[in-house]
Amino acid sequence: INLMPKRASATHQRKDPEVMEFLKFMEDSKDKYLLKYLELFPLAFKCIWWKVKGHFLKYVKGVYLGTHSDVSADYIYGVWEPNEQLALRSMVTNLLYLNDHVDTEEELNGKNFTGGEHYFNYLDITYKPKKGDLLMFPSNYMGAHEVKMVSGGVRYSYLGWYSQGTPNPVVNESVTDPIKDPINAVHDTNIYMPTLANDFRDY
């Protein structure tokens, strides 16, 4: 457990105006750049019905995340069936970086980190995060990835998904419609994207 990143998953339950404004800015920024992603991969448009708002991740020195894909629910027939299967709905992973990777310990200044590279295993691509960078990639096995061990400083990021599929209460999946329920849509995590078609058409 100590080698895993710490997650702040209830972020959107906060009521502080400055926190809500910051979260809205990040969500709006990701949605804006989703349109650029769809321009590159237009067939992905039909695969996105709703989004899972982001949550924060904190990697301290010595922490890493092994190879995985973001649709994995760790199901093994006859052994274990997960109660929550939200991950199976993920189509496009989005990852916003909040501070910088640097190459040497001499560059550490309390606001950056060494190590912690994002590595795409099947593509053999190593990515060194910079503050403000936004990664979008397929959540399935083609986008399998890992986070290398942080060797100094603290690595911060904000992770969410664009998803599809009919919500299933049997496995604790619910999605809020912001048109029918705008009040709860502010604080709920899974939100339909009713204007996506028009936004993409206008883009």
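The values are calculated or read from the model by the stated rules, or taken from the named source; none is laboratory data. All values derive from a computational prediction rather than experimental measurement. Heads up, the Cβs are rebuilt from the backbone with ideal geometry, glycines too, and the neighbour counts pull from every protein chain shown. These accessible areas exclude ligands, DNA and RNA; they are computed on the full protein's heavy atoms, side chains included. Shrake-Rupley method; radii C 1.70, N 1.55, O 1.52, S 1.80 Å.
The table below gives the values:
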{"quantity": "Relative contact order %, the chain, counting alpha carbon pairs below 8 Å whose residues are six or more apart", "calculated": "29 percent"}
{"quantity": "Amide H contacts under 5 Å for Glu117, placed H, 5+ residues apart", "calculated": "Lys148"}
{"quantity": "Solvent-accessible area of Leu3 with every protein chain in place, 1.4 Å probe, in Å² to the nearest 10", "calculated": "90 Å²"}
{"quantity": "The chain: angle of helix 17-40 to the longest principal axis, Cα-based, in degrees nearest 10", "calculated": "80 degrees"}
{"quantity": "Where a label projected 7 Å from the Cα of Ile1 along Cα→Cβ would reach, residues of the stretch 70-85 with amide N under 20 Å", "calculated": "83-84"}
{"quantity": "Quarter of the Cα convex hull surface for the stretch 43-94, i.e. its orientation-mean projected area (nm²)", "calculated": "5.7 nm²"}
{"quantity": "Mean Cβ count within 10 Å, highest first, over the residues of peptides 54-61, 168-175", "calculated": "54-61, 168-175"}
{"quantity": "Debye intensity ratio in log₁₀ form over the Cα atoms of the chain, taken at each q of 0.12, 0.15, 0.16, 0.18 Å⁻¹", "calculated": "-0.66, -1.03, -1.17, -1.42"}
{"quantity": "Rounded accessible area per residue of the stretch 49-181, 1.4 Å, Å²", "calculated": "53 Å²"}
{"quantity": "Label-to-label distance, nm, for residues given as Lys24 and His55 (7 Å Cα→Cβ offset)", "calculated": "2.4 nm"}
{"quantity": "Helical mean residue ellipticity (222 nm; -39500 (n - 2.57) per DSSP H run of 4+; nearest 500) of the chain", "calculated": "-5500 deg cm²/dmol"}
{"quantity": "Portion, in percent, of the accessible area of the stretch 11-101 that falls on carbon or sulfur, probe 1.4 Å", "calculated": "60 percent"}
{"quantity": "Cross-link reach list, aspartates and glutamates versus Lys24, counting only Cα pairs under 14 Å and skipping chain neighbours closer than eight places", "calculated": "Asp16, Asp188"}
{"quantity": "Reachable lysines, given that their alpha-carbon falls under 26 Å from the alpha-carbon of Lys148 and they are not under 8 places away in the same chain", "calculated": "Lys6, Lys30, Lys53, Lys58, Lys61, Lys111, Lys128, Lys130, Lys131"}
{"quantity": "FRET efficiency, 1/(1 + (r/R0)^6) with R0 41 Å, evaluated for Tyr77 and Asn109 via beta carbons", "calculated": "0.25"}
{"quantity": "Computed E for Gln13/Val171 - FRET, C-beta separation, R0 22 angstrom, nearest 0.05", "calculated": "0.55"}
{"quantity": "Counted charge near Leu108, where neighbours are those whose Cβ lies closer than 14 Å (Asp, Glu -1; Lys, Arg +1)", "calculated": "-2"}
{"quantity": "Separation of alpha-carbon centers, the stretch 160-203 and the stretch 93-129, rounded to whole Å", "calculated": "30 Å"}
{"quantity": "Percent accessible area from carbon and sulfur atoms, the stretch 139-203, protein chains only, probe 1.4 Å", "calculated": "57 percent"}
